[in-house]
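Reading through the C-alpha cells given below for one structure.
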Amino acid sequence: MKRISEYSSIAEARIRSLSLPSGSLDNLYAPVTYGMQAGGKRLRPTLVLMAADAFGGCAEKALDAAAGIEMFHNFTLLHDDVMDNSDLRRGRPTVHAKWDANTAILSGDTMLTLATQLVANVDDNILRPVLDTFNSQALRVYEGQRLDMDFENREEVPLGEYLDMIKGKTGALLGGSAKIGAIIGGASAEDADLMYEFGMMLGVAFQIEDDYLDTFGNADTFGKPIGGDINNNKKTFLTVKALSEASAGADALRVAMKMQAGPTKVKTVTRIYETLDMPAVCRAEVAAYSSKALAAVKATALPDDRRDAFRSLIEKLIGRTK
C-alpha cells in the first residue's frame, strides 16, 4: 500500500490528463475543466484507488473510475452552488458566478455523462456491479440533496432525519467510492459491502466535521465564507442537535435563526452554539462515526497492514481545517 498522499497525487495526475474539446465548445467544456482543476482533497478518487490496491494491488486499473467519481462529485458541486446561490468555493468564484447559472447547469450535466463514461471503463466482467453501485450511490446523493432542500422550509428537523439526509448526500458517494474500488480490486461481495459501510460512516463523520467548520473554521483555509450555513438557514448537525434539546439555549437559537442574514446573525448563533458546547458535541460525534467506519474495515478479510491505510485516512480527516 502507498501513502495516502501518493494515491491523491496519482488521482490528481489522471484528472489533469483528461482531454476535453475546446474551440467553439469552449463555453461548455471550459467550466468543466475549471471545476475539475479547482483542487480539493480528492478524497473520493483517493478512496477508489486505495480500495482497489488493498484488495488486489491494482490501483492503476481503477484510475478512470477514480477520475469519474471525482467528475461526478464536482458535477454535484456545480449544481449545489446554483441551488445554494454560493459565489465562492475553494477560494475561487463558483462556475455560475464566473459564467452564469445556465452554463453551470449545462456544464454540470456534461460532467455527469463524462463521469459515467469514465466509471464504465473497467473490465467487462465487473462492469455491471460497478455501474449498479455508481447509479445507486448517485440516486442516494440526489435524494439527500432533495431532503436538504426540503429541510430549509421546515422549522425543525429530527436528528434521525438529518442523519438520513447526510448518509445520502455525503455518505453514499464515499461509500460508493470505496465499494467500486474494492470491486475493481477483486473483493468478495461481502467485503465490497463492508467497504461501502466504511465509506458511509466516514461520510457521516466528514459531513459533521464540515458543518462544524462552516461555523468555527477559518475562511482562509476552509475555502468559503464562514457562517454561510447560518445565513442560509441550513439544517446542519449543530442546528438539529441544539434544537433537539429542551433548553434556554435552544429557545434562543430559534429566535436567532429568524434574524436577517449578515455578520450579526452569524455571531449571535455562533455564541449560542458555544454556550451549548456544540464544538465538543461535534467532536464526539465525529469520533463515534469514525469508529464505526474503522469497525467495518476490521470486519473485512484484509490483512492488518492493509487496514492500517484506512485507519490513517480516518485520522487524517479528523481535526482537519478545510
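Residue 312 versus (1) among the hydroxyl-bearing types (Ser, Thr, Tyr); (2) modelled with pLDDT under 95; (3) in contact with a Gly (Cβ under 8 Å, 6 or more places away or on another chain): which is the lone unmet condition?
Residue 312 satisfies every listed condition except (3).
Would you point out the residue of segment 126-141, among those that are free of Cβ contacts under 8 Å to residues at least 24 places away in the same chain and of a type outside the set (Asp, Glu), that is surrounded by the fewest Cβ atoms within 10 Å (Cβ to Cβ)?
So the residue we want is 128.
With respect to the numbered conditions (1) surrounded by fewer than 23 Cβ atoms within 10 Å (Cβ to Cβ); (2) closer than 22 Å to residue 213 by Cβ; (3) without any contact (Cβ under 8 Å) to a residue 60 or more places away in the chain, which one is the sole condition not fulfilled by residue 12?
Of the numbered conditions (1) surrounded by fewer than 23 Cβ atoms within 10 Å (Cβ to Cβ); (2) closer than 22 Å to residue 213 by Cβ; (3) without any contact (Cβ under 8 Å) to a residue 60 or more places away in the chain, the odd one out for residue 12 is (2).
Kindly provide the set of residues from segment 94-105 that are within 16 Å of residue 72 (Cβ to Cβ) and surrounded by fewer than 17 Cβ atoms within 10 Å (Cβ to Cβ), ordered by number.
105, the sole residue that qualifies.
Among the residues of segment 102-132, which ones are hydrophobic (A, V, I, L, M, F, W, C) and more than 22 Å from the chain's Cα centre (by Cα)?
Selection gives 122, 126, 127.
Give just the number: which of (1) touching a strand residue (DSSP E or B) at 6+ places or on another chain (Cβ under 9 Å); (2) acidic (Asp, Glu); (3) under 18 Å from residue 206 (Cβ atoms) does residue 87 not satisfy?
Failed condition: (3).
Can we say residue 236 is over 17 Å from residue 86 (Cβ atoms), polar (S, T, N, Q) and either surrounded by 13 or more Cβ atoms within 10 Å (Cβ to Cβ) or modelled with pLDDT under 95 (or both)?
So residue 236 fails the test.
Does residue 38 qualify as being touching a residue at least 12 places away in the same chain (Cβ under 8 Å) and buried (at least 24 other Cβ atoms within 10 Å of the Cβ)?
The answer is no for residue 38.
Test residue 213 against the criterion of being surrounded by 15 or more Cβ atoms within 10 Å (Cβ to Cβ) and touching a helix residue (DSSP H, G or I) at 6+ places or on another chain (Cβ under 6 Å), and give yes or no.
yes
Select the helices (runs of 4 or more DSSP H) contained entirely in segment 248-322, then report the ones holding at least 1 residues which are closer than 23 Å to residue 177 by Cα, under 25 Å from the mean Cα position of the chain (by Cα) and of a type in the set (Lys, Arg).
278-298, 304-317
Sort out for me the helices (runs of 4 or more DSSP H) sitting completely within segment 136-221 that have 3 or more residues that are of a type outside the set (A, V, I, L, M) and within 23 Å of residue 245 (Cα to Cα).
Those helices (runs of 4 or more DSSP H) span 159-166, 189-216.
Write out, first by first residue and then by second, each pair whose Cβ atoms fall under 7 Å of each other, whose residues are 6+ apart or on separate chains, and whose first residue, in segment 16-34, is part of a helix (DSSP H, G or I) and modelled with pLDDT of 95 or more while the second is of a type in the set (Gly, Ala, Ser) and surrounded by fewer than 17 Cβ atoms within 10 Å (Cβ to Cβ).
29/22
Yes or no: segment 99-109 includes at least one residue that is among the charged types (D, E, K, R) and within 21 Å of residue 199 (Cβ to Cβ).
no
The values are calculated or read from the model by the stated rules, or taken from the named source; none is laboratory data. As the structure is a computational prediction, the values presented were derived from the model and not from experiment. When we count neighbours, we look across all protein chains shown, and the Cβ atoms used for this are built from the backbone with ideal geometry, even at glycine.
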